[in-house]
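Read-outs throughout are calculated quantities, based only on the coordinates presented, and are distinct from any laboratory measurement. Predicted model, so just to flag it, every value in this text is computed and none were measured. Don't worry about glycine lacking a Cβ; one is built from the backbone with ideal geometry, like all the others, and counts go over all protein chains shown.
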């Protein structure tokens with residue numbers, strides 16, 4: 001999925017003697033600009049690996065780079081999986097359907113590998129309930145997101161409870177630590193409500209959560225910082241769009257296309 005171990009080690013040797021972390025951040029930004037997201041994952045994973053011995057944490061820029069890197073890598077695989085999954089429900093020939101299922105299995109293996117790589121970093125090195133705040137909510141939400149992706153593509157492995165557990169933990173901390181208009185809190189509410197709708201199949205709870213987040217943010221909109229205005233209002237629009245879809249669609253409609261923010265930048 002990412003650069004080979006040999007290639008990464010060779011690159012690391014080339015920057016030895018300099019500020020390794022700063023160099024990795026710089027090359028990750030360059031990889032993002034070049035749309036080399038798998039390389040970007042390798043660079044950011046190395047930064048997280050180094051944190052394990054330093055006792056440090058990620059800066060806001062670093063956590064956003066980590067999020068963007070894996071968001072793009074997992075996003076292409078989720079899109080592929082959904083296309084192949086839809087073929088199961090079409091009038092595809094038996095031969096094509098068999099081939100599609102084999103291909104879908106390969107995509108599922110890749111998707112599971114990426115998700116577990118991210119979850120290993122999050123659960124073992126980044127989530128820290130002793131230091132609650134914006135960063136911990138961000139990482140708990142991200143953990144819920146990647147368990148949700150697993151639950152979506154591998155429902156037989158029952159990852160949905162893990163997704164619900166981490167979303168709920170993040171939500172409880174966000175209600176205490178972050179303002180209702182904070183983009184991380186809003187993004188969490190959006191994705192948690194999508195989890196309720198798509199994964200947990202609990203439409204009433206999905207609507208309740210999305211409506212509460214939207215209403216609370218509206219009531220505090222006059223206090224929203226200019227720097228967060230664009231991100232927060234975008235997420236509020238997505239919350240409202242989903243609510244419109246969910247309240248207008250039949251209860252048994254499994255084909256409603258909801259919107260989320262898969263590890264949004266904040």
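Computed packing ranks the peptides 139-146, 98-105 as 139-146, 98-105, most packed first, by mean other Cβ atoms within 10 Å.
Kindly state, to the nearest 0.05, the FRET efficiency for residue 105 paired with residue 226, given R0 = 41 Å and r defined as their beta-carbon distance.
Values: r = 48 Å, r/R0 = 1.18.
Step by step, r from the Cβ atoms, then E = 0.25.
Rounded, prolate or oblate, given the Cα gyration tensor of the stretch 5-178, with a/c below 1.5 counting as rounded? Provide the component values of the computation, followed by the final result.
Numbers: a/c = 2.64, a/b = 1.36, b/c = 1.94.
In terms of gyration-tensor shape, oblate.
Computed from the Cβ-Cβ distance with R0 of 51 Å, the FRET efficiency linking residue 94 to residue 30 stands at 0.60. In whole angstrom, note down how far apart the Cα centers of the stretch 121-193 and the stretch 57-114 are. After rounding, the separation between the Cα centres reads 20 Å.
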